[in-house]
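**Student:** Quick one: this structure, given as structure tokens, is what I'll be asking you about.
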Amino acid sequence: METFQLTGAISALIYAGIGIAVFFLVLTIIEVTTKYSVNKKITEDGNVALAIVLGSIILSLGLIISSAIR
């Protein structure tokens, strides 16, 4: 029984690592493909709409990754 729990924990860590890597990859692609800095637009200019879009991308990636785990 302990082997199953250890395997589950290792699988969860692997999926978490893959999820974080995918998130940073998507964030880098968004940053490179746009003409402006997403970070600057959100933090300095206070672009709430862009922050909402970025938040929805983060949530959708989380839903995709969580469904892939199941």
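What follows is calculated from the coordinates using simple rules that are stated; it is not laboratory data. Nothing here was measured: the structure is a model prediction, and the numbers come from that model. Cβ atoms come from the backbone with ideal geometry, glycine included; neighbour counts cover every protein chain shown.
**Student:** Would you mind giving the three semi-axes, in whole Å and largest first, of the ellipsoid equivalent to the chain according to its Cα gyration tensor?
**Tutor:** Working: eigenvalues 218, 26, 18 Å².
Here the semi-axes work out to 33, 11, 9 Å.
**Student:** Sticking with this one: I want the local charge near Asn47. Using Cβ-Cβ distances under 13 Å, sum +1 for each Lys or Arg and -1 for each Asp or Glu among the other residues. Each step should come with its number before you reach the end.
**Tutor:** Details: positive: Lys40, Lys41; negative: Glu44, Asp45.
Net local charge, Asn47 excluded: 0.
**Student:** Can you pull out the trypsin sites (Lys or Arg not before Pro) in segment 26-63 that DSSP calls coil and that have at most 10 other Cβ atoms within 10 Å?
**Tutor:** Lys35
**Student:** Also: Hey, what angle do you get for helix 48-69 against the long axis of the chain, alpha-carbon based, 0 to 90 degrees rounded to 10?
**Tutor:** Orientation of helix 48-69: about 20 degrees from the principal axis.
**Student:** Rounded to the nearest 500, what is the chain's calculated 222 nm mean residue ellipticity when only DSSP H runs of at least 4 contribute -39500 (n - 2.57) each, over all residues? All intermediate terms of the calculation are to be shown ahead of the outcome.
**Tutor:** Numbers: 3 runs with 60 residues, N = 70.
Rounded to the nearest 500, the figure is -29500 deg cm²/dmol.
**Student:** Let me ask something else about it. Angle, helix 2-33 long axis vs. longest principal axis of the chain, Cα atoms, 0 to 90°, nearest 10?
**Tutor:** 20
**Student:** Here's a follow-up. Can you list which of the GluC sites (Glu not before Pro) found in the chain are DSSP loop residues with at most 14 other C-beta atoms within 10 Å?
**Tutor:** The qualifying sites are Glu44.
**Student:** Note the full-extension length gain between Ile29 and Thr43 as 0.36 nm times their separation in residues minus their Cα-Cα distance, in nm to one decimal.
**Tutor:** On the way: separation 14, 0.36 × 14 = 5.04 nm, distance 1.89 nm.
Net length gain for the segment: 3.2 nm.
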